[in-house]
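The values are calculated or read from the model by the stated rules, or taken from the named source; none is laboratory data. Worth saying up front: this structure is predicted, and the values here are computed from it rather than measured. Positions of Cβ are generated from backbone atoms using ideal geometry, with glycine treated the same way; all protein chains shown enter the neighbour counts. These accessible areas exclude ligands, DNA and RNA; they are computed on the full protein's heavy atoms, side chains included. Shrake-Rupley method; radii C 1.70, N 1.55, O 1.52, S 1.80 Å.
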Amino acid sequence: MTRTLSACALFALSTAALAPGAAAPPDGPAIAFDDVTEGAGLKEPLAGLMGHGGAWGDVDGDGKPDLFVGGFCDRPNAEYKPAAGPVASALFRNRGNGTFAQVADTPAKMFGRTSGAVFADLNNDGRPELYVANNARNKSKKTDEPQASALTRRSTLLKNDSGAFVDVGKDSGACPDALLSARNVAVLDYDNDGLLDLLVIEDKFTAKPRTTLFRNESGLKFRDVTKDVGLPENVFGLGVAVADVNDDGRPDMLVPHSNKLFLSTKDGKYREATELAAVFAWKPLDGEDWPCGACFADLNRDGRLDLVLSLHSTKARNKVFLNDGVKAGVPQFRDVTKEVGLGDTVPVRCPHVEVQDFDNDGWPDVYLSAAYLEGGRVSPLVFHNLGARDGLPRFAPMWPVEKANAYYPAGPSCDYDGDGRVDLFLINWFQGNHSRLLRNTAAAKNWLDVRVTGTATNRDGIGAKVWVYEAGKLGKAEALLGHQEIGVGYGYASGQLPVAHFGLDAAATVDVRVTLPGGKATIDRPATKANQVLAVKE
């Protein structure tokens, strides 16, 4: 008789290694966070925020990641207590000493229904723009302000002008009036022309929802090429994940809720991977049981990008799909959720998902934006990667999933203090709680961040593939320590930095290989020392 391990049994396993470097340190859990929100200056300015989207980005180019936070501003005043009414979106500058300062005079401060955001260098000038996806309605019956105007506010594109933002959305072509219920925005260079394009996802709660691909025509001008590239008009969704999963050098797209994977084709277009329709098919339990967030990541260090899907449901049946390789141009994903340890239902919504090595042991962990909240202390839901056995990664939650009693719509990760450990910012929606900056306090282990700067390719290096190997074993599959594709705007309503973070455990030196976006060139960096940000320039 076969048995499935319960969450409690898997939790017990988290103190026993299935692979080298996977055991928890003797002085505490392998993954731990401190709530530093108040000391960082992020509690009071966001008090009362009905938060729903946010992003990290280095606005002023000082090497310290700044933070944008947005929310819904169309509700009655009483719903924003302790604030007197709607709380506008906010931009915070990272002072570099663990604290943040709110920027007072900026168009990033707006009243809307912000449901996603991302920073990206859209004009290759070395400074990231900010795209804010607003979940607008065509008309408003409200009369109070700012609620009435917030309800109809369209998505916004802000140009970075020497560290200050200028609203260029109206004339950019990327924020048309017809674009209403935007939920998320992803950044990609679909045609490999060196200019980053935008993929904006609309939800199903509008008359004619669609997923729109805006081609970057340079000069911060964009053109709707959805039909031109073969994307159907009726694709609705919530989150999004973008990566080259069919290994042809061009990005592919997964849109949760519709649960459709679009693969790039040889003629520069896209087609739905109908061969995988049965694999990604979803039978909802109720009217809000929706696949929501998505993240491509190499979970078992085999050099292939797997997929984690998170659920917007109070009975969240989150999913893990392993990539068994490409066959006839189609990545062969299979559902391994139960086998790898994510089979237990989480009793709260899990909108956002990311894969990061939070304890730097060399094995990437799965983070869902659910949490255990007790006595004002919050513990995010992280599944610790215990290593791979027979090609399958094995995960254990850092606490039993049945304890989950809170969730956050968005929660982008970022090493905001530069100590080599990935931190979290959880964006709060509910009264009685608040947004949380969680500083990673896991035991110190070696790490490496890789940033790619393009010249002919896009300056952010989005779409670059990074492999890390044991020192002296460059390119050998059995020596692979990690593999990532640089991307931003994945998961749900969250924007990340364009950086690949690798935990190295005890390895002090590694070999690094970078394939530039489009596969145009490969750059090797053998004998790279740990505990640094490796800048790879085209």
* To do: Excluding residues on the same chain fewer than 8 positions from LYS142, give the aspartates and glutamates whose Cα lies under 16 Å from its Cα.
  => ASP74, GLU79
* Using label points projected 7 Å from each Cα along Cα→Cβ, tell me how many nm separate GLU478 and LYS269, to one decimal. => 4.6
* Asked: Looking at the P(r) of the range 44-123, how many percent of alpha-carbon pairs lie beyond 14 Å?
  -> 62
* Asked: What does the accessible area of ARG223 come to, in Å² to the nearest 10, when a probe of 1.4 Å is used?
  -> 100
* Mind putting a number on the dipole of the chain about its Cα centre? Charges go on the C-beta only, +1 for Lys and Arg and -1 for Asp and Glu, and I need it in Debye to the nearest 20. => 1000
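Please work out the average accessible area per residue across the range 285-387, using the 1.4 Å probe convention, and give it in Å².
Working: 2930 Å² over 103 residues.
With all protein chains present, the range 285-387 gives 28 Å² per residue.
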* If you take the beta carbon distance between VAL330 and ARG377 as r and set R0 to 30 Å, what does 1/(1 + (r/R0)^6) give as a FRET efficiency, to the nearest 0.05? -> 0.10
* To do: Could you size up the charge dipole of the range 357-432 around its Cα centre, putting +1 on the beta carbon of Lys and Arg and -1 on that of Asp and Glu, and report it in debye to the nearest 20?
  => 300
* Asked: Out of GLY418, ALA120, ALA47, whose Cα points farthest toward the positive end of the dipole of the chain (charges: +1 Lys, Arg; -1 Asp, Glu; placed on Cβ)?
  -> ALA47
* Asked: Can you list, bin by bin at 10 Å, the percent of alpha carbon pairs in the range 330-451, starting at 0?
  -> 12, 41, 34, 11, 1
* Asked: Which ³J(HN,Hα) values, rounded to whole Hz and listed in residue order, are derived for the range 444-452 from phi using the Karplus coefficients 6.51, -1.76 and 1.60 in 6.51 cos²θ - 1.76 cosθ + 1.60 with θ = phi - 60°, glycine and proline given as x?
  -> 5, 9, 6, 7, 8, 9, 10, 10, 10
* ³J(HN,Hα) across the range 171-186 via Karplus (A = 6.51, B = -1.76, C = 1.60, θ = phi - 60°), whole Hz, x for Gly/Pro? -> 9, 7, x, 9, 10, x, 4, 6, 7, 9, 8, 5, 10, 8, 9, 10
* Structure fact -> Scoring the range 304-349 by relative contact order with C-alpha pairs under 8 Å, at least six apart, yields a percentage of 40
* Suppose every K and R has +1 on its Cβ and every D and E has -1 on its Cβ; what is the size of the dipole of the range 425-538 about the Cα centre, in Debye to the nearest 20? -> 180
* What nm distance separates the two modelled labels at ASP144 and ALA506, each placed 7 Å from Cα along Cα→Cβ? -> 6.1
* Asked: With no solvent and one point per C-alpha, what does the Debye sum give as log10 I(q)/I(0) for the chain at q = 0.07, 0.09, 0.11 Å⁻¹?
  -> -0.34, -0.58, -0.90
* **Theoretical ellipticity at 222 nm over the chain - DSSP helices of four or more residues, -39500 (n - 2.57) apiece, nearest 500** => -1000 deg cm²/dmol
* Nearby lysines by direct alpha-carbon distance to LYS473 (threshold 17 angstrom, same-chain neighbours under 8 apart not counted) -> LYS529
* Taking H placed 1.01 Å from N in the peptide plane, check which residues at least 5 places from HIS384 or on another chain put their amide H under 5 Å from its amide H. => ALA396, MET398
* Ranked packing of 122-132, 55-65, most packed first, by mean Cβ within 10 Å -> 122-132, 55-65
* Å² of accessible area per residue within the range 429-524, as computed with a 1.4 Å probe and no ligands counted -> 34
* Give the residue from THR211, VAL401, VAL240 lying farthest towards the positive end of the charge dipole for the chain; charges sit on Cβ (+1 for Lys and Arg, -1 for Asp and Glu) and the dipole is referred to the Cα centre. => THR211
* Asked: Taking a 22 Å limit on the Cα-Cα distance, which of the listed pairs LYS81/LYS139; LYS204/LYS260; LYS283/LYS403; LYS64/LYS109; LYS139/LYS221; LYS465/LYS520 fall beyond it?
  -> LYS81/LYS139; LYS283/LYS403; LYS139/LYS221
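Calculate, for the range 53-163, the solvent-accessible area per residue in square angstrom, rolling a 1.4 angstrom probe over the heavy atoms of the protein chains.
Here the residues of the range 53-163 average 37 Å² of exposed surface.
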* Please report, as a whole percent, how much of the solvent-accessible surface of the chain comes from carbon and sulfur atoms (probe radius 1.4 Å). => 49
* Amide H neighbours of LEU534 under 5 Å, at least 5 residues apart or on other chains, H built in the peptide plane: list them. => ASP449, VAL450, ARG451
* With each label point set 7 Å from Cα along the Cα-Cβ vector, what nm distance links ASP248 and GLU402? -> 4.7
* Over the Cα atoms of the range 379-488, compute the convex hull volume and normalise it per residue, giving Å³. => 164
* To do: Find how many whole Å separate the alpha carbon centroid of the range 112-129 from the alpha carbon centroid of the range 427-468.
  => 15
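When ranked by the protection proxy of mean other Cβ atoms within 10 Å per residue, highest first, what sequence do the peptides 322-332, 155-165 form? Intermediate values should be presented prior to the final figure.
Numbers: 322-332: 15.7, 155-165: 19.5.
My ranking of the peptides, most packed first, is 155-165, 322-332.
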* Relative contact order computed over the chain (Cα-Cα under 8 Å; 6+ residues apart), in percent -> 16
* To do: Taking a cut-off of 16 Å between Cα atoms, list the aspartates and glutamates near LYS266, but don't count ones fewer than 8 places away on the same chain.
  => ASP189, ASP191, ASP193, ASP228, ASP244, ASP247, ASP248, ASP252
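Pairwise over distinct Cα atoms, reciprocal of the mean inverse distance: report the Kirkwood radius of the range 163-284 in Å, one decimal place. All intermediate terms of the calculation are to be shown ahead of the outcome.
Numbers: mean 1/r = 0.0667 Å⁻¹.
In the range 163-284 this quantity evaluates to 15.0 Å.
Give me the orientation-averaged projected area of the Cα convex hull of the range 79-152, in nm², one decimal.
The directionally averaged projection comes out at 7.0 nm².
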